[in-house]
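Every number here is computed from the coordinates shown, using simple stated rules; none is lab data. All figures in this text were calculated on a predicted structure; none of them were measured in a lab. Cβ placement follows ideal geometry from the backbone for every residue including glycine, while neighbour counts extend to all protein chains displayed.
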Amino acid sequence: MKAIFDARQWQHDPKHFMANGVIKPSPEQPERIARLTDGAKAAGCDFVLPDDAGLGPIAAIHSPEYVTFLRNIHTRWQHIDGAGEEVIPNIHPANRSDNYPKSAVGQAGYHQADTACPIGAGTWEAAYWSAQTAVTGADLLVDGERSAYALCRPPGHHAFGDLAGGFCFLNNAGIAAERLRAYGLRAAILDVDVHHGNGTQGIFYDRDDVLTVSIHADPARFYPFFWGHADERGTGRGMGYNLNLPLPRGTDDDAYLQTLDIALERVANFGADVVVVALGLDAYEGDPFQGLAITTPGFGRIGAAISGLGLPTLFVQEGGYLCAELGQNLTSVLTGFEGA
């Protein structure tokens with residue numbers, strides 16, 4: 001299996017993370033790259049560099065207003081007297097239809113959903129190449145590869161069309177799916193991150209040309225809280241094209257695999273030509289977020305089950321945070337997929 005990564009993705013180095021009113025180091029550390037690279041190599045992956053497809057694939061998902069914000073906001077932020085080194089919002093609009101301010105502070109509040117997505121000097125460059133990594137992965141499938149692994153960091157599935165959040169800035173899985181759709185393929189996004197892919201759902205919620213399915217810890221008491229409930233099925237033409245499968249905290253391998261069967265049946269019934277897997281490894285029993293209880297062998301079973309679809313598959317890296325087994329869990333997924 002080919003893997004894709006660009007060293008410029010190291011440049012995003014977030015320092016700020018607030019949880020329960022306490023400022024902590026961000027869990028989304030650059031060190032994740034080293035652990036995931038080791039895991040992919042252990043699975044036999046050969047790394048290639050992404051091509052630069054330009055802003056087109058990004059702008060197919062994200063508004064030009066939002067892209068302008070991401071590209072320029074850190075420079076603008078430095079002109080604020082006494083501003084911190086990272087862009088962090090301190091005010092938010094009550095509704096997305098509220099007025100769009102000229103102020104950098106106001107625009108940060110409009111385009112950043114929470115305090116978990118600080119924007120530093122290297123954030124745009126890293127997010128841009130993370131997105132290009134996913135685009136190249138999609139192109140590899142179009143060119144005939146059966147599978148590919150996109151080491152996307154920063155991750156993407158909490159990013160809406162004009163809104164960052166939860167460590168995410170550009171929705172890599174959504175960008176890849178739209179790229180595949182533009183080639184005439186029916187793309188399904190299967191999100192196995194411990195957190196609901198709320199940004200991905202939001203981007204495609206009123207569309208019937210991309211299926212979105214997410215298996216995640218029940219958001220009633222778990223991030224992202226406001227999205228990811230089972231009754232969210234889509235709207236307009238998208239009604240019935242979104243499936244959420246929330247699970248109780250602490251769900252183990254066997255129960256998870258039973259739910260995965262439901263997700264895979266929906267993908268098959270969509271008539272998908274290709275699958276984009278939003279690959280969160282944070283469902284692991286030892287992950288810092290402690291949402292679900294998947295074991296390292298369990299990730300291999302997940303990979304094997306996905307392989308059973310018999311479809312070209314792009315794995316796009318989402319969560320999975322620093323623990324001793326992070327790389328091993330990636331190896332388990334990819335070897336489980338390949339071995340099946």
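Worth a mention:
- Ranked by the mean number of other Cβ atoms within 10 Å of their residues, highest first, the peptides 317-325, 195-203 fall in the order 195-203, 317-325.
- Where N is the number of residues in the chain, Cα Rg divided by 2.2 N^0.38 Å: 0.91
- Taking Lys and Arg as +1 and Asp and Glu as -1, the other residues whose beta-carbon sits under 10 Å from that of residue 312 total -1.
- Contact order relative to length of the range 2-339, as percent, for alpha carbon pairs under 8 angstrom and 6 or more apart: 18 percent
- Global dimensions of the range 102-197 from alpha-carbon coordinates: Rg and Dmax equal 14.4, 47 Å.
- The mean sequence separation of alpha-carbon pairs under 8 Å and at least six residues apart, normalised by the residue count of the range 177-259, gives a relative contact order of 27 percent.
- Other residues within the sphere of radius under 13 Å centred on the Cβ of residue 147, judged by their own Cβ, net out at -2 (K and R +1, D and E -1).
- Expressed as a whole percent, the proportion of Cα-Cα pairs in the range 200-340 lying more than 23 Å apart is 32%.
- Farthest toward the positive end of the dipole of the range 2-339, out of 197, 299, 69, is the Cα of 69, where the dipole comes from beta carbon charges about the Cα centre.
- Positive-end residue, the chain charge dipole about Cα centroid, Cβ charges, pick of 119, 290, 324: 119
- Using only Cα coordinates, the Kirkwood hydrodynamic radius of the range 32-186 works out to 16.5 Å.
- Each peptide in 307-313, 161-167 gets a packing score, the mean of other Cβ atoms within 10 Å over its residues, and the list from highest to lowest is 161-167, 307-313.
- A Cβ-based charge dipole, computed about the Cα centre of the chain with Lys and Arg at +1 and Asp and Glu at -1, lands at about 400 debye.
- For residue 299, neighbours were defined as the other residues whose beta-carbon sits under 12 Å from its Cβ, and their charges (Lys and Arg +1, Asp and Glu -1) total -4.
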